[in-house]
1. May I ask you to verify whether residue 66 is more than 21 Å from the chain's Cα centre (by Cα), within 29 Å of residue 181 (Cβ to Cβ) and surrounded by fewer than 19 Cβ atoms within 10 Å (Cβ to Cβ)?
2. Residues in the range 106-126: is at least one farther than 26 Å from residue 64 by Cβ and either in contact with a helix residue (DSSP H, G or I) (Cβ under 9 Å, 6 or more places away or on another chain) or assigned by TED's automatic domain parsing to the domain that holds residue 334 (or both)?
3. Within the range 136-156, restricting attention to residues that are part of a loop (DSSP other than H, G, I, E, B) and over 18 Å from residue 55 (Cβ atoms), which residue is farthest from the chain's Cα centre (by Cα)?
4. In the range 293-399, which strands (runs of 3 or more DSSP E) lie fully inside it and hold 1 or more residues that are touching a helix residue (DSSP H, G or I) at 6+ places or on another chain (Cβ under 7 Å) and assigned by TED's automatic domain parsing to the domain that holds residue 90?
5. Just checking, which of 300, 359, 285 is at pLDDT below 90 and loosely packed, with under 14 Cβ neighbours inside 10 Å?
6. Among the residues of the range 84-97, is there at least one that is in contact with a helix residue (DSSP H, G or I) (Cβ under 6 Å, 6 or more places away or on another chain) and over 17 Å from residue 115 (Cβ atoms)?
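The values are calculated or read from the model by the stated rules, or taken from the named source; none is laboratory data. Small disclaimer: the values here were computed from a predicted structure and weren't measured. So basically every Cβ, Gly included, is an ideal-geometry build from the backbone, and we count neighbours across all protein chains shown.
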C-alpha cells in the first residue's frame with residue numbers, strides 16, 4: 001500500500017506480506033522480475049546493519065563516491081537542501097496536447113526497487129566505480145553484481161541487432177555485442193525514467209535521466225548508437241579512467257536453463273495489457289466457477305457494492321458511480337481506478353483500469369461468485385503468472 005493508504009506499507013510489512021501471496025513459479029526455474037524482492041533485500045539490510053536504508057546508502061555508497069546530489073526518496077533530497085533542484089514529473093495529455101506536471105512522490109514501500117534520487121553527473125560516479133572497481137565496489141563486489149544468474153529471451157529489436165542471448169545479473173541486464181560485454185539497467189515510474197549502460201572492457205559508460213515517461217525510449221536509441229560508435233572506434237574514453245590489465249571474459253557463459261512457463265513478468269505493476277490475452281488465446285466460454293446453474297433472482301447492482309478482502313492484496317472496495325461499478329484503488333503503491341463493465345451473466349465483468357494519473361486503459365477479467373443469491377467473492381486477474389484470479393471475500397456476505 002502507498003503513502004495515501006490508511007496503513008502504508010514499508011520494507012518490513014512488504015516482507016511479512018509475502019506469506020500471503022501465491023508463488024508464480026518455483027525458485028530458480030525462470031526469470032521473473034519482481035519489485036518486491038528488492039524491497040525485501042532492503043529489509044534484510046536494515047535488520048542486519050541496524051540502519052535505515054537511506055542512511056546505509058548515504059554512508060556506504062553516496063559519501064565514499066562523492067555523490068553529493070544523491071539520496072533516497074524526495075524527503076532525503078529536501079533534507080539536503082536540494083528542494084529547488086528536485087525535478088517534477090511530466091505526462092503527455094492527449095486531450096489537451098500538453099504535458100501535465102506533478103511533484104515527485106515518495107514510495108517507502110518501493111525502496112530498493114527504486115526511489116533513489118540522483119543526477120546524471122552524480123550517477124556517472126557510480127558507473128565509474130563499477131568500471132574501475134574502486135571505493136565500495138571491490139573486485140569481489142563487482143563479480144557478485146555482474147555474474148549471470150538467469151537467462152532472458154531477446155526481443156525482436158535485440159535479435160535484429162545481433163543480440164541473441166540476454167542474462168540478468170544482480171539487478172542488471174547483461175549481453176554481448178561483437179564479443180564486448182554490455183551491462184546496464186533501466187527504470188521508470190510515471191513521469192520519470194532513467195537508463196544506464198557500460199562496457200567494462202572498453203571503459204565506456206553513460207547514463208540518461210529524464211522527467212517524462214518517454215525518457216527510456218530516447219535513451220535506448222542513444223545507447224544503441226553510442227555502443228556502435230564505441231565498438232567500431234574501440235576508443236578508451238578518457239572521462240572514465242582505464243583500469244590496469246584485468247582479465248575480461250569476452251564469451252557468454254554457459255547457463256543451464258530449465259523449462260520456461262508460457263508467460264513472463266516485467267517491472268511496472270500488476271495491471272497488464274489486453275486483458276491478459278495472448279495472440280493465440282481464445283476467450284473462455286466455459287462455465288463460470290461459482291455461479292449457480294439457476295439463479296433464484298437477479299442480483300441488484302447495489303448487492304455487488306461493498307468491501308472485499310484478500311490477505312495479500314488487502315481491501316478492495318467496490319462502489320456505485322454513474323450507475324456502474326467502480327473501484328478506487330489509488331491508495332496502493334501503483335494506484336489505479338477501475339470501471340467494471342458487464343460482459344455476460346451476473347458474474348462476468350471487464351475491469352477497465354487506469355493508473356492513478358489517469359493514463360492508460362488496461363482490461364482485467366473480473367468475476368463475482370454468487371451463492372444462494374448473494375455475492376460472496378470477487379476475483380480479478382491481477383497477476384497472470386499465478387494462473388488464476390486473485391479472489392477477495394466480500395466482507396459483509398454473512399449479513
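1. Spelling it out, residue 66 is indeed more than 21 Å from the chain's Cα centre (by Cα), within 29 Å of residue 181 (Cβ to Cβ) and surrounded by fewer than 19 Cβ atoms within 10 Å (Cβ to Cβ).
2. Initially, the range 106-126 is screened for residues farther than 26 Å from residue 64 by Cβ, giving 109.
Narrowing further to those that are either in contact with a helix residue (DSSP H, G or I) (Cβ under 9 Å, 6 or more places away or on another chain) or assigned by TED's automatic domain parsing to the domain that holds residue 334 (or both): 109.
Yes - at least one qualifying residue is present in the range 106-126.
3. Pass one, the range 136-156, residues part of a loop (DSSP other than H, G, I, E, B): 136-138, 147-149, 153-155.
Remaining after also requiring over 18 Å from residue 55 (Cβ atoms): 137-138, 147-149, 153-155.
Values: 137: 25, 138: 28, 147: 22, 148: 20, 149: 19, 153: 18, 154: 19, 155: 18 Å.
The extreme case among them is 138.
4. Numbers: elements: 306-310, 314-321, 324-329, 336-344, 348-355, 362-371, 374-380, 390-394.
Where strands (runs of 3 or more DSSP E) fall fully within the range 293-399, none carries at least 1 residues being touching a helix residue (DSSP H, G or I) at 6+ places or on another chain (Cβ under 7 Å) and assigned by TED's automatic domain parsing to the domain that holds residue 90.
5. On the way: 300 fails: at pLDDT below 90; 359 fails: loosely packed, with under 14 Cβ neighbours inside 10 Å.
None of the other options fit; the residue is 285.
6. Pass one, the range 84-97, residues in contact with a helix residue (DSSP H, G or I) (Cβ under 6 Å, 6 or more places away or on another chain): 86.
Next, from what is left, pick out any that are over 17 Å from residue 115 (Cβ atoms): none.
Among the residues of the range 84-97, not one is in contact with a helix residue (DSSP H, G or I) (Cβ under 6 Å, 6 or more places away or on another chain) and over 17 Å from residue 115 (Cβ atoms), which makes the answer no.
One line per residue, one yes/no per condition, for (1) outside the structural domain of residue 148 (by TED's automatic domain parsing); (2) at pLDDT 95 or above; (3) surrounded by fewer than 14 Cβ atoms within 10 Å (Cβ to Cβ):
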| residue | (1), (2), (3) |
| --- | --- |
| 176 | no, no, no |
| 205 | no, yes, no |
| 214 | no, no, yes |
| 218 | no, no, no |
| 238 | yes, no, yes |
